[in-house]
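Here is the structure we will look at.
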Amino acid sequence: MTGRAPSPRPPNPRPDLATETSPGVGEGEALLLVPVGSVEQHGPHLPLATDTVVATTVARAAAAALVAEGRRVLVAPAVSYGNSGEHEGFPGTVSIGHEALHAVLVELGRSACRWAQGVIFVNGHGGNVATLRGAVSLLRYEGRPVAWTVCDVPDGDAHAGRTETSLALELMPGAVRGPLAEPGCTLPLAQLLPRLRRDGVRAVSANGVLGDPTGASAEEGRALHVALVRTLVHELRALDVLDDGRLARPVEVPA
């Protein structure tokens with residue numbers, strides 16, 4: 001029985017490591033973006049995976065923009081569990097803690113750097129920042145081209161308030177329980193941090209919200225998402241790494 005040889009697979013239309021082939025990835029060609037998020041309570045109205053969804057969608061949109069410019073960028077499956085101990089007073093939160101997350105990031109960076117041009121961790125959860133600093137510092141000390149950045153909104157509220165609710169309404173509208181949205185603790189985060197770190201989020205906010213989702217909208221979320229993507233694109237073009245391993249944020253990001 002004879003037959004035709006299979007046709008070569010067309011190039012991957014998306015910058016997605018999970019759906020790429022090993023030959024398609026190539027050796028030392030691609031910059032790898034790794035979203036890092038969490039599974040943690042986001043009040044009564046937002047999904048537990050909000051941080052992971054934001055980090056992943058921002059990374060994918062930025063990668064697509066750079067691929068359109070002819071650059072080789074891939075987005076890995078997200079590290080979906082993070083350091084979320086402060087939220088463990090609420091059902092659904094799954095935290096792997098600092099030490100486990102540190103080990104995952106270090107081993108992931110070591111492995112990916114065997115074939116990637118470099119690795120950038122794109123973080124969506126504030127509780128991961130100290131762990132990222134430590135893991136990336138170690139990887140860079142070992143001579144590996146690794147850095148990190150964060151999807152944050154200047155002057156945005158801290159957790160499950162208007163900022164994250166607007167982003168969720170844009171990125172995953174079907175998962176937002178709008179009628180359940182309600183204000184939480186609206187005191188400045190700096191004022192809350194000592195007690196929050198000592199006793200957890202439930203001690204300062206009974207519903208887990210640090211902010212006020214009132215007035216959130218998909219339109220606002222769309223503008224926030226565009227700004228986050230634009231900032232990440234400019235960070236990735238420059239690849240200017242600060243002393244703590246974070247990508248330097250441009251002073252001004254052109255529209």
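Return a whole-number percent for the relative contact order of the range 31-238, with Cα pairs under 8 Å and 6 or more residues apart as the contact set.
Working: 427 pairs, mean separation 54.0, N = 208.
RCO, the range 31-238: 26 percent.
Compared with the dominant principal axis of the Cα atoms in the chain, helix 50-68 is inclined by about 40°. Compared with the dominant principal axis of the Cα atoms in the chain, helix 189-199 is inclined by about 90°.
Can you pull the percent of the chain's accessible area that's carbon plus sulfur, 1.4 Å probe, other chains left in place? Walk me through the numbers before you get to the answer.
On the way: 6870 of 12580 Å².
Roughly 55 percent of what the probe reaches on the chain is carbon or sulfur.
Build a GNM of the chain with springs between Cα atoms under 10 Å apart, and of 68, 147, 116 the one that fluctuates most is 68.
Taking GluC sites (Glu not before Pro) as exposed when their DSSP state is a loop state and no more than 14 other Cβ atoms lie within 10 Å, the longest site-free interval of the chain runs over 143-251. The stretch between residue 240 and residue 142 holds 33.4 nm of extra length on full extension. This uses 0.36 nm per residue minus the Cα-Cα distance.
Positive-end ranking of 92, 77, 103 along the dipole of the range 48-135, with charges on Cβ about the Cα centre, is headed by 77.
Which one, [x] 54, 43, 32; [y] 56, 48, 36; [z] 67, 45, 40, gives Cα extents along the principal axes in Å as derived from the coordinates shown? The value matching this structure is [z].
Hand me the trypsin sites (Lys or Arg not before Pro) from the range 201-255 located in a DSSP loop with no more than 13 other Cβ atoms within 10 Å, in residue order please.
Working: sites: 202, 222, 230, 237, 246; in loops: none.
Counting only loop positions with at most 13 other Cβ atoms within 10 Å, none of the trypsin sites (Lys or Arg not before Pro) in the range 201-255 qualifies.
I need the trypsin sites (Lys or Arg not before Pro) found in the range 124-192, filtered to DSSP loop residues with at most 16 other beta carbons within 10 Å of theirs.
Values: sites: 133, 140, 162, 177; in loops: 177.
The qualifying sites are 177.
Set the Förster distance to 22 Å, then compute FRET efficiency between residue 115 and residue 94 from the Cβ-Cβ distance, nearest 0.05. E(calc), rounded to 0.05, equals 0.15. The phi-based Karplus calculation (6.51 cos²θ - 1.76 cosθ + 1.60; θ = phi - 60°) puts the 3J(HN,Hα) values of the range 227-235 at 5, 5, 5, 4, 4, 5, 4, 5, 4 Hz, whole numbers, x for Gly and Pro. Average accessible surface for the chain: 49 Å² per residue, computed with a 1.4 Å probe over protein heavy atoms with every protein chain in place. With contributions of -39500 (n - 2.57) from each DSSP H run of at least four residues, the per-residue ellipticity at 222 nm computed over the chain stands at -12000 deg cm²/dmol.
Note on the range 31-238: dipole from Cβ charges, positive end direction compared against 126, 228, 66; the farthest Cα belongs to 66.
The values are calculated or read from the model by the stated rules, or taken from the named source; none is laboratory data. Remember, it's a predicted structure, so these values are computed and weren't measured experimentally. Glycine gets a Cβ as well: all are built from the backbone with ideal geometry, and neighbour counts include every protein chain shown. What goes into the accessible areas is simple: the full protein's heavy atoms, side chains included, and nothing from ligands, DNA or RNA. Shrake-Rupley method; radii C 1.70, N 1.55, O 1.52, S 1.80 Å.
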